[in-house]
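Working notes, structure below.
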Amino acid sequence: MQTRFAVFWMLLAAAFAPAVLAGGKADVKASISLHLETEANDNPKMIFSQMTNGQLRYFRRIPEISTKDVVAFNPFPADAGGDDYGIVFQLKDNAAKRYAAITNINQGRWLLSQINGRIVDGVLIDKPVNDGFIVIWKGAALADINVFDKMMPRIGQKEIKKKKKKK
């Protein structure tokens with residue numbers, strides 16, 4: 001009887017160990033990704049379709065630019081008003097060079113923006129972008145901005161403002 005009781009407690013402890021070790025801290029992360037338009041005959045596992053500007057277009061699943069390429073951001077109210085925001089993202093130097101090359105080579109194609117996995121905006125690439133900034137003109141929510149505030153500084157700030165823990 002004691003053996004069964006001991007086994008029960010060991011299994012119970014093993015089941016709850018990850019939760020206890022994590023201490024209830026969940027990493028709150030937001031994501032941004034930019035997906036380039038591609039051809040419909042590309043590998044179907046590597047593309048997705050989206051209605052853009054009244055036409056069905058195809059985009060690469062693998063983003064050209066993602067959260068890891070961003071160093072800072074700054075939100076602004078979108079033209080639509082209400083609770084809709086746009087965000088300017090500042091890229092790391094190597095990502096800025098890559099983005100300039102992407103926008104130079106792919107003029108006439110669409111670039112689709114996603115925040116936290118939902119499509120928020122799309123732009124037609126009409127000229128190279130050499131300044132190292134990406135603008136998402138609409139579709140960001142205040143909740144998205146609050147999470148980005150916890151992850152990275154605003155443009156012009158040195159580092160993220162962290163809350164001091166009470167002792």
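Okay, here's what the table says:
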item	result
Qualifying residues in the stretch 131-144 (those that are at pLDDT 95 or above and part of a loop (DSSP other than H, G, I, E, B)) - the one nearest to the chain's Cα centre (by Cα)	Gly132
Some residue of the stretch 145-156 being in contact with a helix residue (DSSP H, G or I) (Cβ under 9 Å, 6 or more places away or on another chain), assigned to a loop (DSSP other than H, G, I, E, B) and farther than 14 Å from Ala30 by Cα	no
Selection status of Ala72, touching a Pro at 6+ places or on another chain (Cβ under 7 Å) and in a strand (DSSP E or B)	yes
Residue match in the stretch 99-116 (condition: closer than 26 Å to Ala40 by Cα, assigned to a strand (DSSP E or B) and more than 13 Å from the chain's Cα centre (by Cα))	yes
All positions within the stretch 41-76 that are closer than 19 Å to Val123 by Cα, surrounded by fewer than 12 Cβ atoms within 10 Å (Cβ to Cβ) and either under 17 Å from the mean Cα position of the chain (by Cα) or without any contact (Cβ under 8 Å) to a residue 24 or more places away in the chain (or both)	Ser49, Met51, Gly54, Gln55, Leu56, Ile62
Tally, over the stretch 54-68, of residues that are in a loop (DSSP other than H, G, I, E, B) and at pLDDT below 95	1
Given (1) over 14 Å from His35 (Cα atoms); (2) of a type in the set (Val, Ile, Thr); (3) free of Cβ contacts under 8 Å to residues at least 60 places away in the same chain, index of the condition Ile145 fails	(3)
Pair list, Cβ < 6 Å and 6+ apart or interchain, from the stretch 83-101 residues that are surrounded by fewer than 20 Cβ atoms within 10 Å (Cβ to Cβ) to residues that are of a type in the set (S, T, N, Q)	Val88/Asn74; Ala100/Asn130
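The values are calculated or read from the model by the stated rules, or taken from the named source; none is laboratory data. Since the structure is predicted, the reported quantities are computational estimates derived from the model, not experimental observations. So basically every Cβ, Gly included, is an ideal-geometry build from the backbone, and we count neighbours across all protein chains shown.
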